[in-house]
Amino acid sequence: MKADIHPKYNYVVFNDLASGEKFLTRSTVGSSKTITWEDGNEYPVIDVEISAASHPFYTGKQRIMDTAGRVERFNARFKGFGGKK
């Protein structure tokens, strides 16, 4: 590997703004904001809008789309469209 061409890979805390959950992991992103973690060390913080802790797919709070109703409304709306004049 070539020296000094790879980004720094350090510990960072990701803060999920939707659920308030925080998790420590490693990443190449950095931040000027810091937080003191449970182990007493200070780490940079990256605020994210959504993560696995708040995403509807992972939390089970996913909305089910009514596709049958949409198809029926479409067919009713365009019932006579494209017919012979």
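Quick notes on this structure:
- Condition met for residue 3 (part of a loop (DSSP other than H, G, I, E, B) and free of Cβ contacts under 8 Å to residues at least 12 places away in the same chain): yes
- Cross-chain or 6+ apart pairs with Cβ under 6 Å, segment 34-45 first and within 13 Å of residue 10 (Cα to Cα), then outside any strand (DSSP E or B) and not aromatic (Phe, Trp, Tyr): 44/30; 44/31; 45/31; 45/33
Bear in mind these aren't lab numbers, they're just calculated from the coordinates by the rules spelled out. What you see is a predicted model, and the numbers here were worked out from it, not measured in a lab. Here Cβ is always computed from backbone atoms with ideal geometry, including for glycine, and neighbour counts include all displayed protein chains.
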